[in-house]
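One structure is given here, and the rest of the page talks about it.
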Amino acid sequence: MSQDKDIEERTRLAGTNKFELLLFRLGESPSTGERELYGINVFKVREVLVMPKITALVNSHEHLMGVANIRGQIIPVINLPAVVGCQPKKGLSILMVTEFARTIQGFAVEDVREIVRLDWDQVLPAESSHAGALVTGIARLDGARADTRLAQVLDVEEVLRDVMPVTKEEINREVVGPELLLPEGTSILVADDSHVARAVIELGLKAMGAPFVMTHTGRQAWDYLQAAADKAKADGTRVKDNISVVLTDLEMPEMDGFTLTRLIKQDARFKGIPVVIHSSLTGTTNENHVKGVGADGYVGKFSPRELANTLRQVLAGQVSH
C-alpha cells in the first residue's frame, strides 16, 4: 500500500473516533523494574529505522544525542528513555523519525513492538489516570478486559519543547495583533489534551483579550456544548450567543477532534459556530486531509500569530483553508 493510501486509510479511521498507536519500549522503569509500553500516534511517525550514525553536538541539552543524516536531511535525535527516566538494557537500537508541529526529529528507543488500532474512548485522559506531565493518556489496549495491557501515550510536543526549546516568540499584543473582538457575551471553547499546548493557547488568547473556556478532551468539550444547548433552550437563546468559536486539537483521549467537529457540524443547535482545528499533525498530506472534515479553519500548533489571524478570519465569516 502506498504512503498516500496509508494516510487516507488512517484519516477514514479518525472519522470514526479510531486511531492507530505505534507501541514501543524504553527500558526498565526505575520504580518497578518493568519494561513498560509507550505509544505514539502513527500519524506522527514518518518511518522507523535501525539506529543510524549519530553526530554529537557541543554544548547541547543532555537528552539530545546529536544529529543524524536521514536521506540527506540532518535531523536532531532525542534520547527518549533518558527523558522519561528509563534504563534501556538492550541499548538504543531503533530510531523513530517523526513529523509534527512543522518539525522533523528522531526519537531513540529500545525497541518497537507493533501497531494497534484503538477507539479514542479506550484512552483515559492523563488527569483522570494520575499520569505525569509527559503523558497525555493511558491506552487500554485490550478494551474493557480486566487484564488489559496498558500503554502510556507520550506528549511528544512537551518532550520536544523541553529538550529543544526554540527561541520562543513572545506572546503579546504586538505579536497577535489588535484585540480579538468576539460578539458580546461570548467566549471561545478550547479542547486540547496537551499541557504545553493549553499553556500556549491560554497565553495567546489572553494577549488577544479573548475570553475562553478550556477543556482537556473532545468529550469534555462536547459535554460543555450539550449543557450550553440545554441552557440556550431554557433561556430562548442560541448557543452561538454563548460560544463564538470552537478551537479543537485532533488527537485527544475519549473523543478526537475529527469526531467533535463532525458532531458539531451535524447538529442544528450549533449552526453558525465556526470550528477551527489546531493541531500538530502538520505534514503536508496530513494538513490536506484534516481540512476535509468540515472545519472552518486549520492552524498548526505553537504559532500564536497564525492562530490570531485564523480566528479573525473565521469570525469575519471567511473560510480559512
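Given a 1.4 angstrom probe, I'd like the percentage of the accessible area of the chain that is carbon and sulfur, rounded to a whole number. Don't skip to the answer; put the middle values down first.
Details: 7320 of 14690 Å².
The C+S portion of the solvent-accessible surface of the chain is 50 percent.
When the C-alpha atoms of the chain are aligned to their principal axes, what extent does each axis show, in angstrom, from largest down?
64, 49, 40
Among 109, 175, 190, determine the one that fluctuates most according to a GNM of the chain built with springs between C-alpha atoms less than 10 Å apart.
Ranking 109, 175, 190 by mean-square fluctuation puts 175 first.
For a 20 Å ceiling on Cα separation, which of these pairs sit above it: 18/240; 44/90; 18/301; 233/265; 233/271; 44/89? Intermediate values should be presented prior to the final figure.
Numbers: 18/240 29 Å; 44/90 25 Å; 18/301 22 Å; 233/265 18 Å; 233/271 14 Å; 44/89 26 Å.
Exceeds cut-off: 18/240; 44/90; 18/301; 44/89.
Under a no-solvent Debye model with one identical scatterer per Cα of region 46-197, what's log10 I(q)/I(0) at q = 0.10, 0.14, 0.16, 0.21 Å⁻¹?
With one equal scatterer per Cα and no solvent, log10 I(q)/I(0) is -0.49, -0.87, -1.04, -1.43.
Residues in region 209-253, backbone N under 18 Å from the label point at residue 148 (7 Å along the Cα-to-beta-carbon vector): list them, ranges by number please.
Of the residues in region 209-253, 217-220, 252-253 have backbone N under 18 Å from the label point off residue 148.
Accessible area per residue, 1.4 Å probe, Å², for the chain: what's the number? Don't jump to the answer; show the numbers that get you there.
On the way: 14690 Å² over 321 residues.
Computed with neighbouring chains in place, this is 46 Å² per residue.
For residue 213 and residue 55, calculate 0.36 nm times their separation in residues minus their Cα-Cα distance, and state this gained length in nm to one decimal.
Values: separation 158, 0.36 × 158 = 56.88 nm, distance 4.49 nm.
Result: 52.4 nm gained on full extension.
With viscosity set to 0.890 mPa s and temperature to 25 °C, compute the Stokes-Einstein D of region 195-257, Rh being the Kirkwood radius across alpha carbon pairs; µm²/s, no decimals.
On the way: Rh = 12.9 Å.
The diffusion coefficient I find is 191 µm²/s.
Which value in nm describes the separation of the simple spin-label points at residue 231 and residue 199, placed 7 Å from the Cα toward the beta carbon?
Between residue 231 and residue 199, the label points sit 2.9 nm apart.
Evaluate the relative contact order of the chain (contact order divided by residue number), counting alpha-carbon pairs under 8 angstrom at least 6 apart; express in whole percent. Please list the in-between numbers first.
On the way: 659 pairs, mean separation 51.8, N = 321.
Value for the chain: 16 percent.
Test of understanding: express the Cα radius of gyration of region 155-280 as a ratio to 2.2 N^0.38 Å, with N the residue count. Show your work: numbers first, answer last.
On the way: Rg = 15.4 Å, N = 126, 2.2 N^0.38 = 13.8 Å.
Compared with the compact-globule rule of thumb, region 155-280 sits at 1.11.
Take every Cα pair under 8 Å in region 49-138 that's 6+ residues apart, average their separations, divide by the length, and report that relative contact order as a whole percent.
Details: 134 pairs, mean separation 18.6, N = 90.
Normalised by residue count, the contact order of region 49-138 is 21 percent.
Taking 30 Å as R0, compute the FRET efficiency from the Cβ-Cβ separation of residue 36 and residue 306 and round it to 0.05. It would help to have the intermediate numbers written out before the result.
On the way: r = 36 Å, r/R0 = 1.21.
It comes out at approximately 0.25.
Grab the beta carbon distance between residue 268 and residue 316, set R0 = 22 Å, and tell me the FRET efficiency rounded to 0.05. Let's see the in-between values first.
Numbers: r = 23 Å, r/R0 = 1.05.
So the FRET efficiency works out to roughly 0.40.
The values are calculated or read from the model by the stated rules, or taken from the named source; none is laboratory data. Being a predicted model, the structure only gives us computed values, none of them experimental. Glycine also receives a Cβ, built like all others from the backbone with ideal geometry; neighbour counts cover every protein chain displayed. Areas reflect the complete protein model, heavy atoms only, side chains present, ligands, DNA and RNA absent. Shrake-Rupley method; radii C 1.70, N 1.55, O 1.52, S 1.80 Å.
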